[in-house]
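Working notes, beginning with the structure itself.
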Amino acid sequence: MTRIYLQYCDISTEAGAGCPVQHRQQIAIERETLEAVGKPFPTLNAADVAQVFSLGLSVVVLFFLLGRGVGTVLNLIRRG
């Protein structure tokens with residue numbers, strides 16, 4: 001079993017600045033555990049992506065047309 005050690009800083013620091021010793025944390029994890037986790041991002045289904053995109057596009061077009069309609073009505077009221 002291969003053990004992997006990760007070191008991180010538990011506070012936010014400036015870019016390039018070192019982490020103070022009292023804030024350094026270290027964890028150990030087995031390589032097999034990391035490999036067993038699998039892919040961090042799931043595989044996207046093309047049909048689901050297309051459905052979400054078309055729904056979002058429909059909402060944008062709907063509000064665009066609604067805005068144009070309200071603008072036209074207000075323009076007619078203004079010109080009386």
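The values are calculated or read from the model by the stated rules, or taken from the named source; none is laboratory data. A quick note: this is a predicted structure, and the numbers were derived from the prediction, not measured. Here Cβ is always computed from backbone atoms with ideal geometry, including for glycine, and neighbour counts include all displayed protein chains. The protein model used for the area step is the full one, side chains on, heavy atoms only, and it has no ligands, DNA or RNA in it. Shrake-Rupley method; radii C 1.70, N 1.55, O 1.52, S 1.80 Å.
Return a yes/no flag: does region 47-61 have any residue that is surrounded by fewer than 10 Cβ atoms within 10 Å (Cβ to Cβ), on the phi > 0 side of the Ramachandran plot, out of contact with any strand residue (DSSP E or B) (no Cβ under 8 Å at 6 or more places or on another chain) and not charged (D, E, K, R).
No, that holds for no residue.
Going through region 24-46 one residue at a time, which ones are open to solvent by less than 100 Å² (accessible area, probe 1.4 Å), of a type in the set (S, T, N, Q) and at pLDDT 85 or above? Talk me through it step by step, then tell me what you get.
Of the residues in region 24-46, the ones open to solvent by less than 100 Å² (accessible area, probe 1.4 Å) are 25, 27-30, 32-34, 36, 38, 45-46.
Pick out the ones that are also of a type in the set (S, T, N, Q) and you get 25, 33, 45.
Across region 24-46, the qualifying residues are GLN25, ASN45.
Conditions (1) part of a helix (DSSP H, G or I); (2) charged (D, E, K, R), marked per residue:
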residue	(1), (2)
CYS19	no, no
GLU35	yes, yes
LEU57	yes, no
VAL61	yes, no
ARG68	yes, yes
ARG78	yes, yes
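Suppose we filter region 24-78 for residues that are touching a Ser or Thr at 6+ places or on another chain (Cβ under 9 Å) and of a type in the set (Lys, Arg); how many remain? Walk me through how you get there before you give the answer.
So the first thing to find is which residues in region 24-78 are touching a Ser or Thr at 6+ places or on another chain (Cβ under 9 Å), and the list is 30-32.
Keeping just the survivors that are of a type in the set (Lys, Arg) gives 31.
Final tally of qualifying residues: 1.
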